[in-house]
Amino acid sequence: MIRIAICDDAPADQQLLKNLIDRLRPFDGQYAIDVFDGGQALLDSPERPYDLLILDVQMPGLSGYTTAQKLRETDRKTVLAFLTGVAAPTVEVFRVTPFRYLMKQMSEEELSVELTACFHEVERTNRYVTLQSGGELLRLQVSSILYLMIQGRSVEVITDRGRYNLKMKMAQLQELLSPLGFGSCHKSFLCNFSRIVSVSSSSVIMENGDILPVSQPKARQFKSDFLQFAKNTV
């Protein structure tokens, strides 16, 4: 069951979004929607974390930005879409890693397109892959993987829950994970674009603070792939 939250102080906007989601009927109808009229009510909800959150930017009390900052302290994997009538994106928006920035002036058709993209992102982050680790099979959530690196004759995968040695070739892993938002910054490294903090000409900084090298032969294609991935977010 996919769990969706709408947080907006305007009842008309709450209902519009809820009706639109119900018409689109994502996830084969296997979803539930909770509605909140303020940031604090959302933060206090025992139902967190949500798979998808549509969050109004301008609300009395806690603003959408402040709510998102507090939420991101624990709910790192929630797909976040900001909703606003007037505000333009600022630097602080990107610090809470929103996937979409929706305008209330959008037509229902435009909102449908943007919401559908959000649904696809939820499906991507909830996807699992099965990898071979020694004589065992390791099932990992794609969004939990930060990066993979070659270690001698094996590949080590670094995840939120720990590190695992895989008995698979990097080329095989790249073929499996590239369609899921992974890119090669170096012949020995494969990283999850959604878990990158920053990219420079010589290095990549991941969410856990690890710094990965960017090789000259890989730099141009890696940056291009990362920018293409970023265009599909905010």
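The values are calculated or read from the model by the stated rules, or taken from the named source; none is laboratory data. Source: prediction; values computed, not measured. In this analysis, Cβ positions are derived from the backbone assuming ideal geometry, glycine residues included, and neighbour counts consider all displayed protein chains. Side chains included, ligands, DNA and RNA excluded: accessible areas come from the protein's heavy atoms. Shrake-Rupley method; radii C 1.70, N 1.55, O 1.52, S 1.80 Å.
Looking across the range 16-57, the residues that are part of a strand (DSSP E or B) and not small (G, A, S) come down to Y31, I33, D34, V35, F36, L52, L53, I54, L55, D56. One residue stands out among those in the range 117-137 that are without any contact (Cβ under 8 Å) to a residue 40 or more places away in the chain and under 13 Å from L173 (Cα atoms): the one that is least open to solvent (accessible area, probe 1.4 Å), which is S133.
For the criterion of being without any contact (Cβ under 8 Å) to a residue 60 or more places away in the chain and surrounded by 13 or more Cβ atoms within 10 Å (Cβ to Cβ), L227 fails.
Every test in (1) within 19 Å of T125 (Cα to Cα); (2) at pLDDT 90 or above is passed by E73 save one, and that test is (2).
Scoring I54 on the criteria (1) more than 20 Å from A230 (Cα to Cα); (2) modelled with pLDDT of 95 or more leaves a single failure, condition (1). Restricting attention to the range 116-129, the residues that are over 23 Å from Y147 (Cβ atoms) and more than 14 Å from the chain's Cα centre (by Cα) add up to 1.
Across the range 186-200, what is the total count of residues that are surrounded by 15 or more Cβ atoms within 10 Å (Cβ to Cβ) and farther than 24 Å from Y128 by Cβ? Please lay out each step first, then the result.
Taking the range 186-200 first, the residues surrounded by 15 or more Cβ atoms within 10 Å (Cβ to Cβ) are 186, 188-196, 199.
Next cut, farther than 24 Å from Y128 by Cβ only: 186, 188, 199.
So the answer is 3.
When the range 5-26 is filtered for residues that are crowded, with 18+ Cβ neighbours inside 10 Å and out of contact with any helix residue (DSSP H, G or I) (no Cβ under 7 Å at 6 or more places or on another chain), the ones remaining, listed by number, are Q14, L17. When the residues of the range 138-156 are filtered to those that are of a type outside the set (A, V, I, L, M) and part of a strand (DSSP E or B), the one that is surrounded by the most Cβ atoms within 10 Å (Cβ to Cβ) is Y147. Assess whether T67 counts as being touching a residue at least 12 places away in the same chain (Cβ under 8 Å), in a helix (DSSP H, G or I) and out of contact with any Lys or Arg (no Cβ under 7 Å at 6 or more places or on another chain). Judged against the criteria, T67 is a match. Within the range 162-174, the presence of at least one residue that is assigned to a strand (DSSP E or B) and open to solvent by less than 20 Å² (accessible area, probe 1.4 Å) is confirmed.
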